[in-house]
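See structure below.
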Amino acid sequence: MDWFSTLSLALGSAWTSGINLYATVTVLGLLQKFGLTKLPGGLDVLDNWWIIGIAGGFYLIEFFADKIPYVDSVWDVIHTFIRVPAGAAVAYAATNHLDPSVYVIATLVGGGLALSSHGTKAALRAGANLSPEPVSNWLLSLGEDVVAFAGVLLAVFAPFVFAIVLVLFVLFFLWFFRKVVRAIRRIFAAVAAFFRGETFKEVARKAG
């Protein structure tokens, strides 16, 4: 891969990791395993069947957990501490064969992109959980799965197209930033309230 394709894959994979880490790892591993692409840097280790199997197994768990109201928010809180560092790690692994000034910046930006996509996902879910019907959770979850899979494929096979998508997302995130922060606060408060016997909806409304 040339430098642009490598950076697109690094940052794209970091971004999709914030949405669905396990789908990202599974797709990258399968693409490498079946010779559909040559992953840059240290990402070539993802073609190990153990890694693919474990990531795929967690993806199946997340597929169902992510569609249950309130459970999805607890899952998001836990994965705040998994998706974000994993996104930074993916960006580092993809670029660690390049100049240090490149892979250090890529790692930092990758972590930021993972945080922004994860935060946006969590904010949308927090809003959906205030709705009395479960359909919105299912639609959002399926949409996120599609975005994660399509994002990885675009980052690998159409880096210039994906670069445009990423720029558009960053602009959207900057506009959406305050709502993301409020939503994340509500989610953490809701999880804490769960252990006090309160409901997510009650706490989310109090936090406003």
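The values are calculated or read from the model by the stated rules, or taken from the named source; none is laboratory data. In this text the structure is predicted, and so the values were computed from the model without any measurement. Cβ sites come from the backbone with ideal geometry, for glycine too, and all protein chains shown count toward neighbours.
Taking residue 97 as the residue in question, decide whether it is at pLDDT below 95 and crowded, with 17+ Cβ neighbours inside 10 Å.
no
If residue 155 satisfies all but one of (1) out of contact with any Gly (no Cβ under 9 Å at 6 or more places or on another chain); (2) buried (at least 21 other Cβ atoms within 10 Å of the Cβ), what's the number of the condition it fails?
Unmet condition: (1).
Residues of the stretch 31-54 being part of a helix (DSSP H, G or I) and charged (D, E, K, R), which ones?
33, 44, 47
Return yes or no: is residue 23 within 14 Å of residue 163 (Cβ to Cβ), modelled with pLDDT of 95 or more and surrounded by 24 or more Cβ atoms within 10 Å (Cβ to Cβ)?
So residue 23 does not fit the description; no.
Identify the single condition in (1) over 23 Å from residue 68 (Cα atoms); (2) surrounded by 22 or more Cβ atoms within 10 Å (Cβ to Cβ) that residue 171 does not satisfy, given that it satisfies every other one.
(2)
Looking only at the stretch 49-79, which residues are touching a Leu at 6+ places or on another chain (Cβ under 9 Å) and touching a residue at least 60 places away in the same chain (Cβ under 8 Å)?
Within the stretch 49-79, 66, 67, 72 meet the criteria.
Mind counting the residues in the stretch 60-94 that are hydroxyl-bearing (Ser, Thr, Tyr), crowded, with 22+ Cβ neighbours inside 10 Å and under 29 Å from residue 40 (Cα atoms)?
0
Report whether or not residue 141 is more than 16 Å from residue 14 (Cα to Cα) and touching a Lys or Arg at 6+ places or on another chain (Cβ under 8 Å).
Spelling it out, residue 141 is indeed more than 16 Å from residue 14 (Cα to Cα) and touching a Lys or Arg at 6+ places or on another chain (Cβ under 8 Å).
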